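Structure record follows, encoded as structure tokens.
The values are calculated or read from the model by the stated rules, or taken from the named source; none is laboratory data. Every value quoted in this text rests on a predicted model; they were computed, and no experiment measured them. All Cβ positions, even for glycine, are placed from backbone atoms using ideal geometry, and neighbour counts span all protein chains on display. Keep in mind that these areas ignore ligands, DNA and RNA; they rest on the heavy atoms of the full protein, side chains included. Shrake-Rupley method; radii C 1.70, N 1.55, O 1.52, S 1.80 Å.
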Amino acid sequence: MLLFLVAKKTVRILSIDGGGIRGILPAMLLAWLERKTGQPVSKLFDLVAGTSTGGILALGLVCPDGDGRPAYSAEEMADLYEREGDKIFSSNLWHKLRSLGSIGDQKYPAKGIEEVLQRYFGETRLSSALTSVLVPSYEIERRVPFFFKSHSALTHPTHDFPMWQVARATSAAPTYFEPARIEAAHEGDYWALIDGGVFANNPAACALVEARTQFPDADEYVVCSLGTGTLTRRIEYEDARHWGVARWAKPVLNIVLDSVSETVDYQLKQLLPANSYYRFQSSLQRGSEQMDETSASHVRGLRLLGEKLVRDNAGTLDALAGKLAA
């Protein structure tokens, strides 16, 4: 990991939003970049950040195989959603009855997502990342943001967690999955963690700050920020004015995730010059906005939307690819 010891003039940052099954959108765009440049994501970027489904993607793209090469291509990570979606978002009849539509319990038991993550990441630890990675989560007992960093894992063994646990923590979306409990270094202690999207669904600003910390002497910071689709469906005033806690639970989560992402996009547009900040985002129509819909037709619709995202941004993508591969 000599990366951290070498002064770099241009630091390349990748940030991937949260969004459940809609992670297929940024995965497809990254697959295009890998084909265009002939380089894996771990070579194209000096720092990769991701929240929730973006965190799973980020970890998958920097996870090494037994020979020190990327274990998964971006295309393989895109395929994960088709192969594993039903497993991740699965629930038996008893759990459905007990959860009462997420009112009495989380919508999905954790068993499915944990089995998938353990199979994909095995015992690979954060310190093994092929390039620097940053994954946000939130600690609910201490009430603090919690950042998993491979940079810290390299120098502090107590910060070196198995990648599958990191992925589980950042994707523990409230109302969808129960919080993740991860054992801490101190005997008997633990971390209680939920989806980092509650404060950093778009982790681009967190990633920029981290990059400035790791590479303080850089001349330029180039940020590629990938969204998972922005919501367009209206919440009608006449409907919302009569909602209580139960009716507001899911809409509030969606509003928080979407507004956090858009706010960070606005901030970085003001902070960085246009040729150093690239944001790729799709507009979601009714039917494509659900984070846990795994039907073949829904996944197919997302793939078509991903193809459209690449087509509509062909010129900008070409410019970005040239900058990343330089």
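So which of K149/K308; K43/K111; K9/K308; K87/K250; K43/K87; K9/K43 end up more than 24 Å apart, counting from Cα to Cα? Listed pairs above 24 Å: K149/K308; K43/K111; K9/K308; K43/K87.
In the chain, a dipole from Cβ-located charges (positive for Lys and Arg, negative for Asp and Glu) runs towards its positive end, and of S137, S225, I194 it is S225 whose Cα lies farthest in that direction.
Counting pairs of alpha carbon atoms under 8 Å apart in space and at least six apart in sequence, what relative contact order in percent does the chain give?
Working: 614 pairs, mean separation 83.8, N = 326.
Taking the mean separation of contacting Cα pairs over the length of the chain, I get 26 percent.
Using r as the Cβ-Cβ distance of E220 and A246, and R0 as 56 Å, what FRET efficiency do you calculate, to the nearest 0.05? E between E220 and A246, to the nearest 0.05, is 0.70. Only protein atoms count toward the accessible area here, which uses a 1.4 Å probe; on the chain, the carbon and sulfur part of that area reaches 53 percent.
Scanning the chain for DSSP H helices at least 18 Å long along the axis (C-alpha atoms) with a Kyte-Doolittle mean no lower than -1.0 picks out 24-37, 245-271, 296-312.
The residues of the chain expose on average 46 square angstrom of accessible surface per residue, using a 1.4 Å probe on protein heavy atoms. Let a ≥ b ≥ c be the square roots of the eigenvalues of the Cα gyration tensor of segment 131-194; is it rounded (a/c under 1.5), or, if not, prolate (a/b larger than b/c) or oblate? Judged from the Cα gyration tensor, segment 131-194 comes out oblate (a/c at least 1.5, b/c at or above a/b). Between V144 and A314, the modelled label-to-label distance comes to 5.0 nm, taking each label 7 Å out from Cα in the direction of the beta carbon.
Under unit Cβ charges (Lys, Arg +1; Asp, Glu -1), what dipole magnitude, rounded to 20 debye, does segment 135-184 have relative to its Cα centre? Don't skip to the answer; put the middle values down first.
Values: 5 positive and 5 negative charges, 21 e Å.
In debye, rounded to 20, segment 135-184 gives about 100.
Computed extension gain for Q118 through N254, at 0.36 nm per residue and net of the alpha carbon distance, reaches 46.2 nm.
Shown is the FRET efficiency for V209 and R300, computed with R0 = 35 Å from the Cβ-Cβ distance and rounded to the nearest 0.05: 0.40.
Based on DSSP H segments of at least four residues, each scored -39500 (n - 2.57), the chain has a per-residue ellipticity at 222 nm of -14000 deg cm²/dmol. Rounded to the nearest 20 debye, the dipole size of segment 110-214 about its Cα centre is 280 debye, using +1 on the Cβ of Lys and Arg and -1 on the Cβ of Asp and Glu.
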